[in-house]
1. Can you give me the ranges of the helices (runs of 4 or more DSSP H) entirely in the range 136-232 with at least 3 residues that are modelled with pLDDT of 95 or more, more than 23 Å from LEU61 (Cα to Cα) and open to solvent by less than 60 Å² (accessible area, probe 1.4 Å)?
2. Among GLY82, GLY99, which is more than 16 Å from the ligand (Cβ to nearest atom), touching a Cys at 6+ places or on another chain (Cβ under 8 Å) and assigned by TED's automatic domain parsing to the domain that holds ASP162?
3. Quick test of your reading of the structure: LYS5 fulfils all but one of (1) farther than 30 Å from ARG178 by Cα; (2) under 19 Å from the mean Cα position of the chain (by Cα). Name the failing condition by number.
4. Can you name every one of the strands (runs of 3 or more DSSP E) wholly within the range 1-85 that holds 2 or more residues which are open to solvent by 10 Å² or more (accessible area, probe 1.4 Å)?
Amino acid sequence: MIEHKQHSTSTNDDARDVRYDHFDAIWAEQQSAGRGQRGHTWHSREGENLTFSVVLKPHFLPIHEQFLLSEIVALALVETLGKYSIECRIKWTNDIYAGDKKIVGVLIEHALSCERIERTIVGVGINVNQPTFPEDLPNPTSMFIEQGRDFDREEVLRSFLDALRGWYDILERGDKERVQSSYRKLMYHLDKPHTYYYPSGEGFTATIRGVRPSGELLLEHTDGIVREYAFKEVEFKIVRS
Ligand code: BTN
């Protein structure tokens, strides 16, 4: 079921309501308090994009494997945009980039009970038909900017839900290897030296070699040692181009 509404504070908050079941989606044209990663706000011009949340109930997945859900969401998004001839890569953990610009943001939240994942809320903001963005956003793009035409947003949403179902089935069948290797291959900056930053602001050069099954980023430093970083322990800085 897709519930399409005009206003919401945040569809991730709506999706907590127990009346929403596995694979239900809540799509809002406008969010008054859309949330992004790292405590940021998610801005999206009303009526031009897709801002929605999907409820999943991955009861089969142990808590320590929750990163696999981030991976399948990212893979489904890359697959969906690929159908519209927009080649994308995954900026760890799950930003979706077209070239060096962000086209999709994802905020995943889990409700845990004992050792299992009770409910996962997959919040997705896809920049679809927005032609311009505020100057203060680091490096946004949209499907419109990439392809020079408008897209049917409901069709894009349905394509994503189909792709997500496909990847979810693969995961539920237990083919974690396929999920992990597919994610790795699509990582932004994979095997290319780049500058990364510690939260202190100190920069260093390193090369992405992959990601641990539990989600930590594997960075090879210039001394040849591969070190692993949890979310928030390392940052990519995006320079507006
Ligand atoms: C990011 O910072 O990149 C994540 C952005 C996630 C935005 C989406 S829009 C739909 C859902 N509801 C929210 O409040 N946030 C997510």
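The values are calculated or read from the model by the stated rules, or taken from the named source; none is laboratory data. This is a predicted model, so every value here is computed, not measured. Quick reminder, even Gly has a Cβ in these numbers, built from the backbone with ideal geometry, and neighbours come from all protein chains shown. These accessible areas exclude ligands, DNA and RNA; they are computed on the full protein's heavy atoms, side chains included. Shrake-Rupley method; radii C 1.70, N 1.55, O 1.52, S 1.80 Å.
1. The helices (runs of 4 or more DSSP H) meeting that bar are 153-172.
2. Only one candidate qualifies: GLY82.
3. (2)
4. Numbers: elements: 2-8, 25-31, 50-56.
Answer list for the range 1-85: 2-8, 25-31.
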